[in-house]
Amino acid sequence: MIAIGMEGSANKVGIGIMLHPTDGSEPRVLANVRHTYNSPPGEGFLPKDTARHHRAWVVKLVKQALREARISADEVDCICYTKGPGMGAPLQSIAIAARMLSLLWGKELVGVNHCVGHIEMGRLITGATNPVVLYVSGGNTQVIAYSSQRYRIFGETLDIAVGNCLDRFARTLHIPNDPAPGYNIEQLAKKGKRLVDLPYVVKGMDCSFSGILAAVDALASTLGLAGAEQAQNDDDDDADTKNDKPTRADLCFSLQETIYSMLVEITERAMAHVGSKQVLIVGGVGSNVRLQEMMGIMARDRGGSVFATDERFCIDNGIMIAQAGMLAFREGLTTPLKESTCTQRFRTDEVFVKWRQD
Amino acid sequence: MATLDEYKPPPLPAPFTNTNPPPILLTQGAEAHLYKTTSLNPSTPAALKIRPTKPYRHPILDRRLTRSRIVQEARCLVKLVKEGVSVPAVLALDCEGQGGEEASWGGAWLLMEWIEGPVVRVVLEQWEAWMKAQIHLEETVRISEEDRVRGLMRRMGETIGALHKAGVVHGDLTTSNLMLQPFEGESEANDSVSMEGKIILIDFGLASQSAQDEDRAVDLYVMERAIGSTHPRTEPLFDSLLQGYRESYKGAVSALKRLEDVRLRGRKRSMLG
């Protein structure tokens, strides 16, 4: 059976084609294409511009994916699309495209929860059977564990997502958004050495990032490190190293160290609580090497192991929607045209996970 | 990748390297290792909580967090003992990480009074298993069994109320952090699980001194979620805990009111209307 997955909940539009062989052998990725909308440095992506980008690219990407997969539209069994959560306008543009294809080709629709898509793709790629999942991206920060046919949220952010915290600090420093603000912060952080004191906010199993963002933003402007002019010195290796004041690199380094420590801490707490030894990191921030490294050390000290994927599957993509949608489709779960809406608020624990029996 | 077989707990700090018999590792929590050892003389049992250094964290951040948390924990315990709340007493601590072989050990430890008895999580799990095993459960038995659990929940609520009244919030209230210390000498004549005993609060690793409704309500909310996720059969009886809490001190009413707001939080909750 073949599923096509369409994702567009944030600034990436992704189309993936997944084959689940009928003989029960390993599912195969036939195509996984993506295009990212990047705003200029110092700015974030706005819903209406992002939706316009998605509308302009979605048909092109579907054609490209079909070509790469060497299949025709007739061979597709179902069309899976992101129902939510995400930004309203981009979600709508992809839902409309999915409906159009469904009517055009006469295929079933399957609405997919974006977070569940990440989890199922992570499980498929890494082979982790029943891990504690840390889902970290620009819009979501959740620690999730599976229990009786639900992905339950053990801890989450109380305000902004961790990726949003990074993105917005990148904006303050005028760090480029291409390929991703978080990636560029990570590169700059490698040059940082001094740890600046920042708030550390863990509240039970939950955490909060808005206060940290305010603190590091304020620090950047007090030290005169914010803005486009300062950004030009980032490539200069020995800028300011003789100085006693923290540098831009130091701030990136301190921000990363602080927020990733918080994430690892709440993940460890969830592992201790459910007695699991496996951790799976999914979501765009999950491609951060420092976070993976810290998580690895924590898991090792607990006698466990960490599973992570690379940017193809970590960052939003269409194939994960195809995978989660296919699992639902095989259980007979489809979305009638009349109900093929999308929603900005759609919690991970609302989804009935019919395809897992453990 | 490391596996379970390769894992060794970190070495004990001094002076516990010389204790005879050596401390026994009981549990590895997320933050700390808990050992059973003795204090001053070999017949006095004591609980040793070691917060090893977290190698994934930056050393400065790690020191800052480890130190502040162990000091915070000890301060709360000392205050609660003074106020007469049932918690283990503090016997000794090292917050500067001087106990290691080398200066880089960095961890901290806290030695506390030993509490005998099971944690409430185990009691409830045993009870739920017992209830499940009864194929023909008479209605009267079911009601009297549930009444016993309601009694336990009520006492838990009263203990949490006493804690909050003393101006401390726990920060991680789960059924694993409440112990049931059996009364000496007596036991119930009942083939089900015993619910007799005194409720003792343990693990103040995330506790802080606060008298705000917000923090108190979060405490109760964490407890509610913990019971919902680990004890499905006990969940309908949770109102008894709130009842016990309500009657335990004056400020309880406004904390319970705040709890209603806290329940509605969480990102991306579906909102209708």
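Where nothing but the Cβ of Lys and Arg (+1) and of Asp and Glu (-1) is charged, how large is the charge dipole of segment B:142-254 around its Cα centre, in debye to the nearest 20? Please report the intermediate quantities before stating the final value.
Working: 12 positive and 19 negative charges, 48 e Å.
Taking the Cα centre of segment B:142-254 as origin, the dipole is about 240 debye.
Can you give the longest run of chain B that contains no GluC sites (Glu not before Pro) sitting in a DSSP loop with at most 13 other Cβ atoms inside 10 Å? Numbers along the way, then the final one.
On the way: sites that count: B:E96, B:E101, B:E102, B:E116, B:E138, B:E184, B:E186, B:E188, B:E247.
In short, B:1-95.
So what's the net charge close to A:L195: Lys and Arg +1, Asp and Glu -1, counting the other residues with Cβ under 11 Å from its Cβ?
On the way: positive: A:K193, A:R194, B:R57, B:R63, B:R64; negative: A:D197, A:D250, A:E257, B:D62.
Summing Lys/Arg as +1 and Asp/Glu as -1 gives +1.
If amide H atoms are built 1.01 Å from N in the plane of the peptide, which residues on other chains or at least 5 residues away come under 5 Å of the amide H of A:C80?
A:I4, A:G5, A:M6, A:V110
For the pair A:L223 and A:L158, how long in nm is the line joining their label points, each one 7 Å along Cα→Cβ?
Calculated label separation equals 2.7 nm.
Just the Cα atoms of segment A:247-311: what Rg and Dmax do they give in Å?
Every Cα atom of segment A:247-311 included, Rg and Dmax give 12.3, 41 Å.
Roughly how many debye, to the nearest 20, is the charge dipole of the protein assembly as shown about its Cα centre, given +1 on each Lys and Arg Cβ, -1 on each Asp and Glu Cβ, and no other charges? Present the calculation step by step, with values, prior to reporting the outcome.
Details: 72 positive and 78 negative charges, 257 e Å.
Magnitude of the dipole: close to 1240 debye.
B:K79 label point, 7 Å along Cα→Cβ, cut-off 11 Å on backbone N: hits in segment B:45-60?
Within reach of a label on B:K79: no residues.
May I ask for the percentage of alpha-carbon pairs in segment A:217-358 that lie more than 23 Å from each other? Could the numbers behind the result be given before it?
Details: 5875 of 10011 pairs.
Every Cα pair in segment A:217-358 considered, those over 23 Å come to 59 percent.
If each Cα of segment B:44-181 is one equal point scatterer, what is log10 of I(q)/I(0) from the Debye formula at q = 0.14, 0.19, 0.22 Å⁻¹?
Log-scaled intensity ratios, in q order: -0.80, -1.14, -1.32.
Would you please give the residues with an amide H less than 5 Å from that of A:D206, counting only those at least 5 places away or on a separate chain, with H modeled from the backbone geometry?
A:E156
Each residue of segment B:151-157 in turn: what ³J(HN,Hα) in whole Hz from Karplus with 6.51, -1.76, 1.60 and θ = phi - 60°, glycine and Pro shown as x?
3J(HN,Hα) across segment B:151-157, in whole Hz: x, 4, 4, 4, 5, 4, x.
Calculated FRET efficiency, B:R263 and B:S192, Cβ-Cβ r, R0 35 Å, to nearest 0.05? Write down the numbers at each step before the final one.
Details: r = 32 Å, r/R0 = 0.91.
Calculated value: 0.65.
What does the extension gain come out to for B:L91 and B:S144, with contour length at 0.36 nm per residue minus their alpha carbon separation?
Values: separation 53, 0.36 × 53 = 19.08 nm, distance 4.08 nm.
Length gained between B:L91 and B:S144: 15.0 nm.
Towards the positive end of the charge dipole of segment A:64-180, with charges on Cβ (+1 Lys, Arg; -1 Asp, Glu), say which of A:P176, A:L134, A:A69 has the farthest Cα.
A:L134
When the Karplus curve 6.51 cos²θ - 1.76 cosθ + 1.60 is applied with θ = phi - 60°, which whole-Hz ³J(HN,Hα) does each residue of segment A:338-348 get, with x for Gly and Pro?
Rounded to whole hertz, the list is 4, 9, 7, 8, 10, 8, 6, 10, 7, 6, 4.
What is the Å³ per residue value for the convex hull set by the Cα atoms of chain A? Walk me through the intermediate numbers first.
On the way: hull volume 47.2 nm³, N = 358.
Enclosed volume per residue, from the Cα hull, is 132 Å³.
For A:Q187 and A:F352, calculate 0.36 nm times their separation in residues minus their Cα-Cα distance, and state this gained length in nm to one decimal.
Between A:Q187 and A:F352, full extension yields 55.4 nm more.
Rounded to the nearest 0.05, what FRET efficiency do B:K132 and A:R52 give with R0 = 56 Å and r taken as the Cβ-Cβ distance? Could you check?
0.45
5 Å is the cut-off here: which amide hydrogens, built 1.01 Å from N in the peptide plane, fall below it relative to A:S147, excluding neighbours closer than 5 in sequence?
Counting only residues 5 or more places away or on other chains, the set is A:R152.
Fewest Cβ neighbours within 10 Å first, please rank A:R152, B:R233, B:R216 accordingly.
Details: A:R152 18, B:R233 15, B:R216 28.
The fewest-first ordering by Cβ neighbours comes to B:R233, A:R152, B:R216.
Taking a quarter of the surface of the Cα convex hull of segment A:130-312, what do you get in nm²? Each step should come with its number before you reach the end.
On the way: hull surface 42.1 nm².
The number I arrive at for segment A:130-312 is 10.5 nm².
Which Rg and Dmax, in Å, describe the Cα atoms of segment B:120-263?
Expressed in Å, the Cα Rg and Dmax of segment B:120-263 come to 15.4, 48.
Which links in A:K203/B:K36; B:K165/B:K250; B:K82/B:K165 stretch past 20 Å when you go from one Cα to the other? Before the final figure, lay out each step's value.
Working: A:K203/B:K36 28 Å; B:K165/B:K250 8 Å; B:K82/B:K165 13 Å.
Violating the 20 Å Cα-Cα cut-off are A:K203/B:K36.
In sequence order, what are the phi-derived ³J(HN,Hα) couplings for segment B:204-213 according to the Karplus relation 6.51 cos²θ - 1.76 cosθ + 1.60 with θ = phi - 60°, rounded to whole Hz, with x for glycine and proline?
9, x, 10, 6, 8, 8, 7, 10, 8, 4
Considering all alpha-carbon pairs of segment A:1-106, what whole percent are spaced by more than 24 angstrom? Please report the intermediate quantities before stating the final value.
Values: 1386 of 5565 pairs.
Across segment A:1-106, Cα pairs with separations above 24 Å total 25 percent.
Which parts of segment B:192-234 would a label at A:S210 reach, counting a residue when its backbone N lies under 17 Å from a point 7 Å out along Cα-to-Cβ?
In segment B:192-234, the label zone of A:S210 (backbone N under 17 Å from the point 7 Å along Cα→Cβ) covers B:214-215.
Nearest 500 deg cm²/dmol is fine: what mean residue ellipticity at 222 nm does the protein assembly as shown get from its DSSP H runs of n ≥ 4 alone, each adding -39,500 (n - 2.57), divided by its residue count?
Working: 17 runs with 253 residues, N = 631.
It lands at -13000 deg cm²/dmol.
Over the residues of segment A:36-81, compute the C-alpha Rg and express it relative to 2.2 N^0.38 Å.
Numbers: Rg = 14.5 Å, N = 46, 2.2 N^0.38 = 9.4 Å.
For segment A:36-81, the normalised Cα radius of gyration is 1.54.
How much net charge surrounds A:A226 when only other residues with a Cβ under 12 Å from its Cβ are counted (Lys, Arg +1; Asp, Glu -1)?
Working: positive: A:R168, A:R171, A:R248; negative: A:D217, A:E229.
Result for the local shell: +1.
What does the convex hull of the Cα atoms of the protein assembly as shown come to per residue, in Å³, rounded to a whole number? Walk me through the intermediate numbers first.
Values: hull volume 119.7 nm³, N = 631.
Once divided by residue count, the hull of the protein assembly as shown is 190 Å³.
Ignore the peptide's own chain and count Cβ atoms of other chains within 10 Å of each Cβ in A:195-205; give me the average, rounded. Numbers along the way, then the final one.
Values: counts 5, 1, 3, 1, 0, 4, 0, 3, 6, 12, 6.
That average works out to 4.
Can you give the direction-averaged projected area of the convex hull of the alpha-carbon atoms in segment A:102-169, in nm²?
On the way: hull surface 28.0 nm².
Mean projected area for segment A:102-169: 7.0 nm², to one decimal.
Going by a ≥ b ≥ c, the root eigenvalues of the Cα gyration tensor, does segment B:4-113 fall in the rounded group (a/c under 1.5), the prolate group (a/b larger than b/c) or the oblate group? Mind dumping the intermediate values first?
On the way: a/c = 1.74, a/b = 1.17, b/c = 1.49.
Oblate is the answer for segment B:4-113, as a/c is 1.5 or above yet b/c matches or exceeds a/b.
Per residue of B:28-40, count partner chain C-beta atoms within 10 Å of its C-beta, then hand back the mean as an integer.
Details: counts 4, 4, 12, 4, 0, 0, 0, 0, 0, 0, 0, 0, 0.
The shielding value for this peptide is 2.
Throw me the Rg/Rh for chain B, computed over C-alpha atoms with Kirkwood Rh, two decimals.
Values: Rg = 20.4 Å, Rh = 20.5 Å.
That ratio equals 1.00.
What is the Cα centroid distance between segment B:107-124 and segment B:135-153, reported in whole angstrom?
Cα centroid to Cα centroid, the span is 28 Å.
Can you give the average number of partner chain beta-carbon atoms within 10 Å of each beta-carbon in peptide A:299-307, as a whole number? Let's see the in-between values first.
Working: counts 3, 7, 10, 5, 9, 5, 4, 2, 1.
Rounded to a whole number, the mean comes out at 5.
Evaluate the distance, in nm, between pseudo-label points positioned 7 Å from the Cα of A:R70 and of A:D235 along their respective Cα→Cβ axes.
4.2 nm
Throughout, read-outs are computed from the coordinates displayed, never taken from laboratory work. From a predicted model like this one, the values you see are computed outputs, not experimental measurements. Heads up, the Cβs are rebuilt from the backbone with ideal geometry, glycines too, and the neighbour counts pull from every protein chain shown.
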